[in-house]
1. Please determine whether any residue of segment 109-125 is out of contact with any Ser or Thr (no Cβ under 9 Å at 6 or more places or on another chain) and within 16 Å of Pro54 (Cβ to Cβ).
2. Given (1) on the phi < 0 side of the Ramachandran plot; (2) free of Cβ contacts under 8 Å to residues at least 24 places away in the same chain; (3) hydrophobic (A, V, I, L, M, F, W, C); (4) exposed (fewer than 13 other Cβ atoms within 10 Å of the Cβ), where does Val114 come up short, assuming only one miss?
3. Would you kindly identify the strands (runs of 3 or more DSSP E) lying entirely within segment 48-101 that contain at least 2 residues that are surrounded by 19 or more Cβ atoms within 10 Å (Cβ to Cβ) and touching a residue at least 60 places away in the same chain (Cβ under 8 Å)?
4. Within segment 35-75, work out how many residues are among the acidic types (Asp, Glu) and modelled with pLDDT of 90 or more.
5. Which condition from (1) among the charged types (D, E, K, R); (2) at pLDDT below 90; (3) surrounded by 16 or more Cβ atoms within 10 Å (Cβ to Cβ) is the one that Glu4 breaks?
6. Of all residues in segment 19-41, which are farther than 19 Å from Glu154 by Cα and free of Cβ contacts under 8 Å to residues at least 60 places away in the same chain?
7. Out of all the residues in segment 26-47, which are surrounded by fewer than 14 Cβ atoms within 10 Å (Cβ to Cβ) and among the small types (Gly, Ala, Ser)?
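The values are calculated or read from the model by the stated rules, or taken from the named source; none is laboratory data. Bear in mind that the values here come from a model prediction, so they are computed numbers and not experimental data. Methodologically, a virtual Cβ is constructed for each residue, glycine included, from the backbone with ideal geometry; neighbour enumeration extends over all protein chains shown.
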Amino acid sequence: MQLENAPAPTGQVDHGPALQYLTFALGDEVFAMDIRCVREIIQHSNMTMVPLMPEFVRGVINLRGSVVPVIDLQSRFGRARAQVGKKTCIIIFDATLADEKVELGLLVDSVSEVIDIAQAHVEPPPQFGTSIRRDFVHGIGRVGQDFIVILAPERALDINEMAALAEQA
């Protein structure tokens, strides 16, 4: 175990503190989100459809007596609706609305693992070439030779923006 203020052992480079991220798949792409906002992961189950909602709101679920809206992340990113498969699950996370925590569910193809990424290995979002809106991306995390898109849930899943889209629907 290395102490926080101790120098890195010879041959190792200290990349600063690492944060933990939950990784998940949407199609062939791997994304991550800060584990601190994730409450739990549940299996996909029946949802109740809500009329006049935008395409990306798949419905609501009953989570221990609470009504939790489920957002189809593929659709939220402007893609075709997600196809439900054997590994499809819902990530329950805390969103913020007017300084109040609100539970939302994210429909994803599968959940992979929790990984550590040093802050020094997180680059700002690229100016172009991402498959989703740039403001939805917190950064690009380097994990070995791979890169993982780290979402900014406060922007990608902004309740005010999604509510405005629901009103337009």
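1. No.
2. Here Val114 meets the rest and fails (2).
3. 89-97
4. 2
5. Result: Glu4 passes all but (3).
6. The one that is farther than 19 Å from Glu154 by Cα and free of Cβ contacts under 8 Å to residues at least 60 places away in the same chain: Asp28.
7. Across segment 26-47, the qualifying residues are Gly27, Ser45.
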